[in-house]
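Enquirer: Can you read through this structure? Questions will come right after.
Bear in mind that the values in this text are calculations on the coordinates, not laboratory data. As the structure is a prediction and not an experimental result, all values here were calculated from the model. Virtual Cβ from ideal backbone geometry, glycine too; neighbours counted across all protein chains shown.
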Amino acid sequence: MMVFHHLTTSPPDEPEERGVHPDDSGGGGTWHRVLPSDALASGSVARVVVAGAPVLLARLEDGTVAAASSVCPHQGEDLSGGRVYMGAIDCPLHHYLYDLRTGVNRYPRDVFPADLAARVAPLPLYPVKDEGGWIWVRSPEAGA
Ligand code: FES
């Protein structure tokens, strides 16, 4: 039996808990330290807020951490209430399935006729790092 963990959290409030990633080599935006790595177990999800935007964190079955918008592109459901399924997030409302490595919708896009499939929006992803015991998320540049 698979057990899925759900964790909803806010980023740390203390200024020293946030910061610019020491190895930031450019690419725009700012890296935010959002959650201790060990707070996100395999197959679990968390919701954090990065630069005012709700962000879904998920640790995939292979240990990779993904970051994406927490707002389902279909009808706006909070994806942090969903489950990780084979590298994707399963929206709790209508069970649309978004690949957390590419953002591409897998269901129902893969079963729709091509003209309908082209209208299924992808899930926006965020750059993410799992380093030094912390999960870091890069916010987009203002106006980007
Ligand atoms: S709101 Fe997420 S699938 Fe409909």
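Enquirer: Can you tell me the order of 52-65, 105-118 when each peptide is scored by its average per-residue count of other Cβ atoms within 10 angstrom, highest first?
Expert: Result, highest mean first: 52-65, 105-118.
Enquirer: Return the FRET efficiency for the residue pair SER42, ARG101: r is the Cβ-Cβ distance, R0 is 22 Å, and the value is rounded to the nearest 0.05.
Expert: 0.90
Enquirer: Mind giving me the nanometre distance, one decimal, between the label points for HIS94 and ALA114, set 7 Å out from Cα along Cα→Cβ?
Expert: 2.3
Enquirer: For VAL49 paired with GLU61, estimate the spin-label separation in nm (one decimal), with each label point 7 Å from Cα along the Cα-to-Cβ line.
Expert: The two pseudo-label positions are separated by 3.4 nm.
Enquirer: Can you sort HIS94, HIS32 from fewest to most other Cβ atoms within 10 Å of each residue's own Cβ?
Expert: Listing HIS94, HIS32 from fewest to most nearby Cβ atoms yields HIS94, HIS32.
Enquirer: P(r) tail for the stretch 31-126, what percent of Cα pairs lie past 22 Å?
Expert: Here the tail beyond 22 Å accounts for 24 percent of pairs.
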